[in-house]
1. Below 12 angstrom from the Cβ of Ala298, what's the summed charge of the other residues (Lys, Arg +1; Asp, Glu -1)?
2. Under the Karplus relation 6.51 cos²θ - 1.76 cosθ + 1.60, θ = phi - 60°, what is the ordered set of whole-Hz ³J(HN,Hα) values for region 40-53, x standing for Gly and Pro?
3. What's the whole-number percent of alpha carbon pairs in region 23-182 lying beyond 29 angstrom?
4. Given just the C-alpha atoms of region 117-163, how large is their convex hull per residue in cubic angstrom?
5. Cα axis of helix 129-141 to longest principal axis of the chain: angle in degrees, 0 to 90, nearest 10?
6. Expressed in nm², what is the orientationally averaged projection area of the convex hull enclosing the Cα positions of region 148-253?
7. Peptides 172-183, 241-252: what's the order by average Cβ count within 10 Å, highest mean first?
8. Explain nothing, just the number: dipole magnitude of the chain about its Cα centre with +1 on each Lys and Arg Cβ and -1 on each Asp and Glu Cβ, in debye rounded to the nearest 20.
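We did not get these values from a lab; they are worked out from the coordinates using the rules stated. The shown structure was predicted, so the numbers you read here are calculated from the model rather than taken from an experiment. FYI the Cβ positions are ideal-geometry reconstructions off the backbone, even for glycines, and counts take in every protein chain you see.
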Amino acid sequence: MELVRWLVIHPSLCLGIRQDEKMTMQSSIGMTGVKTFSLDRVDAFLRDRVAPQAEAMDHDVTLLQQRFAELGARGWLGLRIAQEWGGLALGDREFRQFQELLAQYSGALAFLQAQHQSAGSFLSQSPNRVLQAQYLPQLAQGAVAMGVGFSHLRRAGEPLVKATAIAGGYRLTGTIPWITGFGIFSEFIGAAVLPDGQAVYGVLPLATTQVASGTLHLSPPLALAALTATNTVTAELHDWLLPSEQVVFMRPAGAIHDSDRRNVLQHSFYALGTAQAGLAIVAQALPQREFVRSPHAALTQELHQCRTAIYNAEQRSVEAQLQLRAWAIDLAVRCAHAGVVVSAGAANGLSHPAQRVFREAMLFSVTGQTTAVMAATLNQLAQPRSPDSETAAQAISLNLW
Ligand SMILES: Cc1cc2nc3c(=O)[nH]c(=O)nc-3n(C[C@H](O)[C@H](O)[C@H](O)COP(=O)(O)OP(=O)(O)OC[C@H]3O[C@@H](n4cnc5c(N)ncnc54)[C@H](O)[C@@H]3O)c2cc1C
């Protein structure tokens, strides 16, 4: 019951998101005019359908899949898909707010749908009209669910997955270390590197498949501490044939690094949402413990500053954006930790909300990580935070022993 109560108080209200700001995001879009998107509607859905089951959704694949399908039924799985294909073609700002809002309620749902929305976004940029017509309208509704497996392109050195051009397509061999959504997504967009450094992206089945010409073997879902129900697997490809008809697009050598530099802040919105989830747990302790008030207010204020800076950082330098992302990661971890601390020993229970949020903060510290993000995060964590003797004196004066 307590859990429901703190989630009913929408955490973003604590951060001063103005009602008029929320209202202006409302729009009525779509081919038929029947689809509408507003953060208020998303928020209401999350409160009713996700908040009461957020802990179960972290482990229960069926439940997570049901809620994912419910997003699709509302037209919210095609947010990055063009309207001509039945999507809502949401702008960057609204999409980021959507991601942030989801992360406040369930990291698993936020992360799962993000993979599918990435697949929709990739296909929307494809020159392959046949493939677009085959998939995009279905992806927009969630009738077909699709993941992605391309983050290995970030790794330096020998490519993890190599492609060789052959008549009618490409042969792929290698290891894709991360693909989320096994058992939920039927396909994924994988990526492999050609000898000249170009990357080919194409649609592959998200199932172990053996054909005469080659194999695609998936591992069992990895035993991960966070977002367990999202079922992340590894794929081994051996001479897998990717026909030209299944090719989404080609990217020049190093394109992923350019894209990462343009999208430094992209993953910050999960961290901002997780920070709010942590603070909402802290807020539950306010009525019982007066000393929670000041740290809660300080973290809320800092989060408000960080959030405002991130939403207004579009024109700032890459270095400044890296610092902001690192700040959001650090803040998510601190707010989640504060949620653990006010929950005391109970936070060690595997099904405690503070435990889940803490694990999510850990995960969102590294998703979409690049070397530059890794370095910025470490520098942020290494900032000196010596104890403030005034605070200690205050605790003593409050006679909290
Ligand atoms: C649970 C989970 C699910 C995921 N699901 C997906 C998915 O569905 N699809 C997908 O595409 N990705 C997925 N990812 C990948 C995710 O985005 C990656 O965590 C992220 O890209 C970092 O990659 P990595 O963990 O493999 O680390 P690495 O690739 O090993 O390292 C991250 C970056 O740091 C650099 N680096 C590594 N070590 C060093 C070092 N010592 N010094 C300097 N630089 C270094 C690398 O070159 C790279 O740029 C998932 C990750 C997790 C944890």
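1. Counting the neighbours of Ala298, the net charge comes to 0.
2. 4, 5, 4, 4, 5, 4, 5, 5, 7, 9, 10, 3, x, 10
3. 24 percent
4. 94 Å³
5. That works out to roughly 30 degrees.
6. Orientation-averaged projected area of the Cα hull: 6.7 nm².
7. 172-183, 241-252
8. Roughly 200 debye, rounded to the nearest 20.
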